Amino acid sequence: MWWLAQAANPAPNAQPGDLLIPALWLVGGLVIAAGILVAVRKWGKQPTTPDDDIHEQLARFRHSYQQGQMSKAEYERVHALLAERIRQQTGIAPPSATETEPSPAPIARPPRESAEFEPTDGEASPEQR
């Protein structure tokens, strides 16, 4: 800060270059501070886990495909690659052929007929209810 005082009250024998060194220190300090700010902002924008980055990429590619910027073949290829990375990172096995086929629906049995109902002592038959 002494250089500010010198600039405000120049000595009678002051040279124009006397302010050059303090000005260079000031500029150097500002450049370093700007570099630190850029590094902190870049660090703050990094994903917390690599999975977030892969999911974000997948979302961007899906958006590009929906906007018509990618062909269906390109999107499917990228989707398969990113899905494989996600499976590797999460430890999930790829779906097998039996898992992708739908299981057959259970067979519905018809309700019992009232004639098959045999009341025991004390029970009412369906007709008596």
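The values are calculated or read from the model by the stated rules, or taken from the named source; none is laboratory data. On a predicted model such as this, the values are computed, not experimentally measured, just so you know. Cβ coordinates were reconstructed from backbone atoms using ideal geometry, including for glycine residues, and neighbour counts include every protein chain displayed.
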Scan the stretch 24-64 for residues that are surrounded by 10 or more Cβ atoms within 10 Å (Cβ to Cβ), modelled with pLDDT under 90 and farther than 30 Å from I92 by Cβ and report the count.
0
Which members of the stretch 65-100 meet the condition of being among the small types (G, A, S) and at pLDDT below 90?
A83, G91, A93, S96, A97
